[in-house]
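Nothing in this text is a laboratory measurement; each read-out follows from the coordinates by a stated rule. These numbers come from a predicted model, not from an experiment. Here Cβ is always computed from backbone atoms with ideal geometry, including for glycine, and neighbour counts include all displayed protein chains.
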Amino acid sequence: MMDENRREQLNRIMLLYEKDMLKVCFVYLRDLSLAQDALQESFLKAYRCFDSYRGEASEKTWLTSIVINTCRDFCRSAWFRHRKKEISPDSLPISVPPPDEAHMDLMAAIMELPVKNREVILLKYQQGLNSREIAQLLHLSPMAVSKRLRQAYGQLKLSLEGEDAHEE
Amino acid sequence: MKNEEKRDQLIRETFDQCLSGIDNLPSKRTDILRKTEDQTKTRRQPRFRVTAAAAALVVLLCIGVMAVSGRWGTVNHPDTIRPGNRFAILPIETVLSEGGEQNGAVTISKDEADGVSLEAGPAVYDGRTLAFDLTFENSQAEAPVYCRLEEFSANGTEIDRNGIQFDTCWIPSRWTRSVWQNRVSAILPREMWDTDQIHVRIKLKTYRPVCPVYEMEETTEGFDPETARRKIEEGYYLTADGWGMMHYDPAEEEWYDMIDEPDGEMGEVKEEKLILSLDLTGPGYGVLETRSGYENEYCTASYDVAAVEGSGLYLTLRLHPKDECADLIQGFVLTDGEGTPLQGGIYEPDVSVKVDQAGQDAVVYRYRWSEIGRKDLPDTISLSCMLENGGLMIFPLKVR
């Protein structure tokens with residue numbers, strides 16, 4: 001593929017998926033600035049890899065796979081990663097209208113999930129992928145995906161019930 | 001509405017509402033496009049007119065149409081492959097080598113250190129893709145090691161690690177056994193496609209704590225600091241699954257995750273390096289023990305690669321369409337020697353297609369089925385192609 005064509009392709013996929021993929025990076029890395037860096041790196045990887053995209057998966061799934069792997073690389077490259085105990089609503093980009101409290105609590109609980117469980121929740125609900133697609137993307141069996149989803153639901157439930165008890 | 005549906009709806013709404021602020025952020029599109037210009041100046045021009053993406057889509061569509069159309073296995077179907085039939089192909093037996101001992105294209109490499117070993121192989125290189133099984137073993141399972149992939153390169157260039165799927169991790173941990181094994185399939189950088197000699201290097205670093213290890217269990221509340229303090233006092237080295245080397249700072253009462261190399265603050269660890277080298281010749285022609293050809297009124301063809309290894313079944317077919325028959329020839333599906341799809345056509349291959357002008361307009365179809373091993377194959381297999389006019393071409397291979 002000629003460079004000009006590749007740039008056109010890149011421009012096209014950025015127009016289609018930039019914001020969507022930034023959300024993936026943000027939920028994965030829990031830091032907007034890091035997420036923007038990871039997104040840029042992902043699109044540059046996609047630009048270099050257009051020729052190796054062979055159409056087995058949808059374009060969006062292919063791009064999501066690159067984004068997820070880039071986020072993993074970002075996690076690896078940091079010397080230390082501070083385990084955040086909680087995600088403050090202030091760390092989220094400002095939404096209009098602002099989300100209600102119940103949704104904010106759930107978002108905070110999702111962000112605190114272990115990354116293995118967070119990524120399946122993210123891919124299922126934010127990216128709209130089914131278990132088979134998630135399994136293919138994460139190189140897992142569909143059973144392992146279901147197991148992680150079950151774990152995530154349990155952890156979210158515990159987390160939200162804990163908050164309710166605390167408020168009472 | 002069921003509880004599960006309510007839950008699903010709530011989670012979707014949460015993502016929609018809480019992340020909607022991202023939609024209003026300025027786009028980085030212009031910056032990213034500008035960065036691509038720097039990369040362009042150093043890249044070589046492609047050698048071939050490659051129509052891989054479009055052709056692969058056609059192939060997949062064709063496979064889909066064949067699978068859905070129900071033509072496979074119908075009563076009329078065998079007529080199309082009867083010897084002497086205008087659609088039949090001269091079936092020339094080609095030996096499919098298992099394990100690759102007969103040729104030099106399959107390589108195995110192993111490295112060992114104190115209580116740990118890393119092995120790659122058998123490896124296959126088909127001109128674009130490297131594939132091999134990678135196995136790491138910690139023979140002292142009672143003392144976990146922390147593993148980190150430092151290098152995965154071909155001819156000195158780093159390969160995209162997406163193909164290796166080796167997360168930095170403890171082995172064993174609650175989730176991994178003392179043996180970690182995976183099938184690696186990595187696409188080479190474009191500049192290396194069809195290179196004759198490929199030197200692959202894999203470097204893994206391991207860190208084994210000198211103290212006994214205690215694996216902390218993580219809950220939604222995080223880690224229990226009382227347990228952590230007690231275990232540290234008892235002389236344990238604390239770890240946690242999936243989070244690298246754990247470090248607890250009693251002054252701040254905070255946990256830290258060490259993702260890269262450990263330092264003195266993490267406690268004493270013993271380091272080992274495991275290095276593998278694979279020298280592969282190719283692209284893939286050595287894998288076939290004999291070269292055979294097929295010919296009929298539509299085309300001539302031959303297999304460049306036919307191998308079944310631990311990392312899957314590899315078939316690369318080089319096809320020269322005759323005269324104006326090129327449009328009739330569509331994609332292929334894996335069948336037995338009679339043209340019936342294996343396992344009802346459930347196998348999904350990785351596929352790429354390229355037009356090789358240097359080879360008199362040959363079309364090269366490269367297939368890999370990662371889930372297929374020798375035990376899954378009948379005595380004869382074939383890449384078979386449904387023609388647009390309803391005919392079927394088969395290219396049978398004898399499996400040893």
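Details
- Peptide B:3-15 has a mean of 5 when you count, residue by residue, the C-beta atoms of other protein chains within 10 Å of its C-beta.
- Average beta-carbon neighbours from other chains, 10 Å sphere, peptide A:15-28: 3
- With a Förster radius of 51 Å applied to the beta-carbon distance between A:ASP100 and B:LYS110, the computed FRET efficiency rounds to 0.30.
- When the listed pairs A:LYS23/A:LYS116; A:LYS147/B:LYS205; A:LYS19/A:LYS116; A:LYS23/A:LYS45; A:LYS23/A:LYS60; B:LYS110/B:LYS270 are checked against a 25 Å cut-off, the alpha-carbon distance exceeds it for A:LYS147/B:LYS205.
- In this simple spin-label model, placing a label point 7 Å from the Cα along the Cα-to-Cβ direction at both B:ASP376 and A:ASP3 gives a separation of 4.2 nm.
- Hz values of 3J(HN,Hα) by residue in segment A:11-18 - Karplus curve (6.51, -1.76, 1.60), Gly and Pro given as x: 4, 5, 6, 5, 4, 6, 10, 3
- At R0 = 35 Å, FRET efficiency that the Cβ-Cβ distance of B:SER27 and A:VAL115 yields, to 0.05: 0.80
- Annotation for A:LEU160 and B:GLU13: the two label points, set 7 Å from Cα along the Cα-Cβ direction, are 1.0 nm apart.
- Label-point gap, in nm, between B:LYS6 and B:ASP279 - each point 7 angstrom along Cα→Cβ: 6.8 nm
- Nonlocal amide H pairs with B:CYS299, under 5 Å, H built at 1.01 Å: B:LYS322
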